[in-house]
Ligand SMILES: [Zn+2]
């Protein structure tokens, strides 16, 4: 197989973005999908705007935070206040997160295809949309899990009941002392399972088993046409998805690197010839691909009659 084996690369120049994606999906033997904050934002799961201001008004008044990202890395003075913030944060971004239409569309588009997803989002979007959890690798942690802040033990703990109780019993931006979680092994404060500024987080058996499934997928399609599809991955942590994806595309001559992003991120020269940048809103793009596929299905049906 040679470099020009992707028709979408050799003949797709004048196609619309949605036709390019549809064509690439149909041509691919397997699809590797990287999902970042841009995908969540496409369905309105943003860290700024009304979603932020309506849920944290007293915090914003006190600390003048600009968005939920700034808030989530804030140095709180005490754990009572820290958990008052994070219990609401977990509720908003995990427990009460509504179903995302783009995730449903993505699931439909992937039906019957060989695929695997790696996501830097720690929210509930894939579970909510009913994705097979064996096909989704949450590489940056999960908001519904706790870890020992010292990482003394490779365990992660579900936090949902605790978060609910915190929300019920929070008063004046503080949760009571008896709800503050401490590590049962070493006594250090617990925290949400997510990577810190040094890229560290607790990884447990479940994490390693998810990681193994991800690597198995990659190993299964080494000499096949692999579509490497990036949905809304920015430059917040390019070492997690973007750079490994570009490296993979460079190493595999049969791979096509397709990145969907409104911003123009630099694509390394070695990959550029086998890459397609779709400067599209993810929600609109997935909607259009679905529409086109429905039209194709209808036409096929008419021809068969
Ligand atoms: Zn500990």
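Quick notes
- Relative contact order computed over the chain (Cα-Cα under 8 Å; 6+ residues apart), in percent: 25 percent
- Enclosed volume per residue, in Å³, of the convex hull spanned by Cα atoms of the range 65-160: 120 Å³
- From the C-alpha gyration tensor of the range 1-159, square roots of 5λ in Å: 37, 19, 14
- Per the Kirkwood formula applied to alpha carbons, the chain shows a radius of gyration over Rh ratio, Rg over Rh, of 1.01.
- The range 269-305-the range 184-220 distance, computed between alpha-carbon centres (Å): 34 Å
- The stretch between residue 266 and residue 293, if pulled fully straight at 0.36 nm per residue, gains 6.6 nm over its current Cα-Cα span.
- For the range 212-305, Kirkwood radius (reciprocal of mean inverse C-alpha pair distance, Å): 15.2 Å
- Projected label points at residue 77 and residue 152, each 7 Å from Cα along the beta carbon direction, are separated by 2.9 nanometres.
- FRET E, pair residue 66, residue 236, Förster distance 22 Å, beta-carbon r, rounded to 0.05: 0.90
- Mean ellipticity per residue at 222 nm, deg cm²/dmol - from DSSP H runs of n ≥ 4 across the chain, formula -39500 (n - 2.57): -12000 deg cm²/dmol
- Modelled FRET efficiency - R0 35 Å, residue 215 with residue 180, Cβ distances, 0.05 increments: 0.40
- Gain on full stretching of the segment that runs from residue 15 to residue 302 - 0.36 nm per residue minus C-alpha separation: 100.9 nm
- Protection-proxy order for peptides 225-233, 177-185, 119-127, each taking the mean of Cβ atoms within 10 Å per residue, highest first: 225-233, 119-127, 177-185
- Over the Cα atoms of the range 119-163, the radius of gyration divided by the Kirkwood radius equals 1.00; this is the Rg/Rh ratio.
No lab work stands behind these numbers, since they all come straight from the coordinates. Predicted, not measured: the structure shown is a model, and the values here were computed from it. Counting neighbours? That spans all protein chains shown, and the Cβs are built from the backbone with ideal geometry, glycine included.
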